[in-house]
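Peer 1: Have a look at the structure that comes next, please.
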Amino acid sequence: MSDQTPRPLMTRYCLACDLKDEPNLIAKYKEYHAASNAWPEITQSIKDSGITYMQIYLTGNRLFMIMETDDAVFDFERKAAMDTANPKVQEWETLMDTFQQRLPWSEEGAKWVLMDKIFQL
């Protein structure tokens, strides 16, 4: 018997951001992002926005985020509005500014930059 429940449409986004190239700051950033250290208000705000899956990878000082979203709920403008209205998210973002730096080609005020998919198998 197959499950006839329709599944929500999902979109996968890949984003990049840099950390300041200082080993002590990179180590502290990794510590903040360890599973047991994630602020519960932040992980809840991510889920509330329609993000259903997220991973962040690091090489050198370059961060790479994979994010999957529920298309019925998520859009970047809504997420930005939610974040602006949430004092705890603002506190987190201010803290993360200690560690993160903008990519040279990022738009004004943007930390994470959407990546273009150039290959698929």
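The values are calculated or read from the model by the stated rules, or taken from the named source; none is laboratory data. This one's a predicted model, so the numbers in the text were calculated from it and none came from an experiment. Quick reminder, even Gly has a Cβ in these numbers, built from the backbone with ideal geometry, and neighbours come from all protein chains shown. Just the protein is used for accessible areas: all its heavy atoms, side chains included, with ligands, DNA and RNA removed. Shrake-Rupley method; radii C 1.70, N 1.55, O 1.52, S 1.80 Å.
Peer 1: Normalised by the residues of the chain, what does the relative contact order come to in percent, with Cα pairs under 8 Å and at least six apart?
Peer 2: Details: 142 pairs, mean separation 45.6, N = 121.
Relative contact order here is 38 percent.
Peer 1: Roughly to the nearest percent, how much of the accessible area of the chain is carbon and sulfur, given a 1.4 Å probe? Could you put the intermediate results ahead of the total?
Peer 2: Numbers: 4710 of 8570 Å².
The value for the chain is 55 percent carbon and sulfur by accessible area.
Peer 1: Put +1 on the Cβ of each Lys and Arg and -1 on the Cβ of each Asp and Glu in the chain; which of Met10, Ile51, Ile66 then has its Cα farthest toward the positive end of the dipole?
Peer 2: Of the candidates, Ile66 comes out farthest on the positive side.
Peer 1: Separate question: Measure nothing fancy, just the Cα-based angle from helix 23-33's long axis to the longest principal axis of the chain, in degrees from 0 to 90, nearest 10.
Peer 2: Roughly 30 degrees, rounded to the nearest 10.
Peer 1: How long are the three semi-axes of the equivalent ellipsoid for the chain, computed from the Cα gyration tensor as the root of 5 times each eigenvalue, in whole Å, largest first? Let's see the in-between values first.
Peer 2: Values: eigenvalues 138, 65, 46 Å².
In descending order the semi-axes read 26, 18, 15 Å.
Peer 1: In the chain, how many lysine pairs have Cα atoms under 20 Å apart, counting only pairs 8 or more places apart or on different chains?
Peer 2: For the chain, the number of qualifying lysine pairs is 13.
Peer 1: Then there's this: Taking the chain as a Gaussian network, where each spring joins two C-alpha atoms under 10 Å apart, which residue of Thr59, Thr94, Thr69 fluctuates the most?
Peer 2: Highest fluctuation among the options: Thr59.
Peer 1: Hey, in the GNM for the chain with a 10 angstrom Cα cutoff, which one of Glu93, Glu108, Glu41 fluctuates hardest?
Peer 2: Top of the fluctuation ranking is Glu108.
Peer 1: Further, regarding this structure: Shape verdict for the range 52-121, please, from the Cα gyration tensor: rounded (a/c under 1.5), prolate (a/b greater than b/c) or oblate. Please list the in-between numbers first.
Peer 2: Values: a/c = 1.71, a/b = 1.11, b/c = 1.54.
The shape class here is oblate.
Peer 1: Same structure, new question: Using the Karplus curve 6.51 cos²θ - 1.76 cosθ + 1.60 with θ = phi - 60°, work out ³J(HN,Hα) for each residue of the range 92-106 in order, rounded to whole Hz, and write x for Gly and Pro.
Peer 2: 4, 5, 5, 4, 5, 4, 4, 9, 8, 9, 6, 5, x, 9, 6
Peer 1: Hey, another quick one. How do Leu114, Leu9 rank by accessible surface area computed with a 1.4 Å probe, from largest to smallest? Could you put the intermediate results ahead of the total?
Peer 2: Numbers: Leu114 90, Leu9 130 Å².
Ranked from most to least accessible, the order is Leu9, Leu114.
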